[in-house]
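Notes follow once the structure below has been shown.
The values are calculated or read from the model by the stated rules, or taken from the named source; none is laboratory data. Predicted model, so just to flag it, every value in this text is computed and none were measured. Note that we place each Cβ from the backbone using ideal geometry, even for glycine, and neighbour counts take in every protein chain shown.
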Amino acid sequence: MAVLKSFLMASAFLSSGYALAQDEVVPSPSEMPERISFLVAIGDEKCREPEGDEIVVCATVPENERYRIPVALRRKEQVVTDRSWSSAVNALDSFAADLRPNSCSVNGSGGFTGCTQKMLQQWFAERRSKQRAN
């Protein structure tokens, strides 16, 4: 998939530069071909020939990539090792807090019920920061 995207981007970039270098007028939409096919040929497969006014854009992928997840979608899970488990849980908790009950927001079920809790958490955080400063 990434190969196809990069191929399409490269072909669009090169064709746009070529079109700008020409002195001819760009054809109207009625003169443009009605059918454009984007294909991926795997291994030794041949790309099919265009029929009539059709445009065929074809990318080739090695045979060993046939049944694999596309390279663009293969991501390694990032393991965070520079912080404690409790700080990771707190970070996740703060991201999801706006959608849960007791969240003091207009989102989520019963969001308004957490306004006092949020105010108390802010107060405790300020108190801890003052104690650390002293």
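Data overview
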quantity: Considering residues of the range 92-116 that are of a type in the set (D, E, K, R) and assigned to a helix (DSSP H, G or I) only, the residue modelled with the lowest pLDDT; calculated: ASP98
quantity: Residues that are loosely packed, with under 10 Cβ neighbours inside 10 Å and in contact (Cβ under 8 Å) with a residue 40 or more places away in the chain, drawn from the range 32-79; calculated: LEU73
quantity: Filter result (in a loop (DSSP other than H, G, I, E, B), touching a Leu at 6+ places or on another chain (Cβ under 9 Å) and modelled with pLDDT of 85 or more) within the range 46-91; calculated: CYS47, ARG48
quantity: Residues located in the range 43-64, provided they are among the β-branched types (Val, Ile, Thr) and within 25 Å of the chain's Cα centre (by Cα); calculated: VAL57, THR60, VAL61
